[in-house]
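See below for the structure under consideration.
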Amino acid sequence: IAHGADRAQAIDRLDAALADTVLFGVDTNLRFLRALLAVPDVRAGAVDTGLIARMPALPARTSAPADVLAAAAALLVHGPANPAACNDAASPLCPFNDAASPLWHLGDGWRIGGAQPRAVLLSVGEGEPVAVSAPPGGVADASITCARADDGHIWVHARGETYELRPWGRRELLERQLANLERPAGSPNPEVRAPMPGTVVAIAVADGDEVMAGTVIATIEAMKMEHPATAMAAGTVRLQVAPGERVSRDQLLARVHPAAPDASGDEGGRG
């Protein structure tokens, strides 16, 4: 709630408060609320019950500014700006939280003759992983806030926007590259992944079933709501999870192998 001398000032103050709100680890509607406040009809007070339905959908984020990527890389390589955060060996803020062998996870780039810069692979949403060099000594910009979640993802808040970045290991990157090699150019993503962390409460298909694009494969229960995960392509489904299983966000639920074209060159046996 904000107030001001007039509606414009109150909205500006409310937008500033939303921009300064830092909440990591969960998806929020902060980005939508700021977009709503920017709608001319909202600023003019000409609102009605159909206004939100008329708003264009927010574009999915697949990239982040260079300083956001650098902050995430610095946290992965150098640890938090405050070393005291790593006093707790189990702290998710500590990138080298394996108390049994901390040196293997230190990752400070030490070499004889001087430390060498280290690059990490990061992606935003469905965007491609990019190599980002970690600035030596971390990021000094106090206006950028970042933390590492329990699932390993890095959350960064900068200039009123929050970004969730996923680090990639070499094994994960290889699996992604191999999957892309098997995927025809321009074809839909064959992977069905969990939209958020939760519990698989239902599997709608059997392993080996033929499915169409849009077919519900599994249902995830999270935050007292059910979230369907659907196939993006037609083909044969191969399940990777079972009912009752706990899954993390972006975990692979199933893979849909596209149908092979028939002898006439048409897919799916169509004449």
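The values are calculated or read from the model by the stated rules, or taken from the named source; none is laboratory data. Just so it is clear, the structure is predicted and the values come from calculations on it, not from any experiment. Note that we place each Cβ from the backbone using ideal geometry, even for glycine, and neighbour counts take in every protein chain shown. Accessible surface is based on the protein model in full, side chains and every heavy atom, while ligands, DNA and RNA are left aside. Shrake-Rupley method; radii C 1.70, N 1.55, O 1.52, S 1.80 Å.
Ignoring ligands, DNA and RNA, what percent of the accessible area of the range 11-78 is carbon or sulfur (1.4 Å)?
62
With label points built 7 Å along Cα→Cβ from the Cα atoms of E226 and L58, find their separation and express it in nm.
That separation, rounded to one decimal, is 2.7 nm.
Please express the Cα-Cα pair-distance distribution P(r) of the range 1-78 as a list of whole percents, one per 5 Å bin, running from 0 to the bin with the greatest distance.
Bins of 5 Å from zero give 3, 11, 17, 20, 18, 13, 8, 6, 3, 1 percent of pairs.
Which Rg and Dmax, in Å, describe the Cα atoms of the range 18-60?
Looking at the range 18-60, its Cα Rg and Dmax stand at 12.0, 35 Å.
Roughly to the nearest percent, how much of the accessible area of the range 192-239 is carbon and sulfur, given a 1.4 Å probe? Mind dumping the intermediate values first?
Values: 1420 of 2450 Å².
That share works out to 58 percent.
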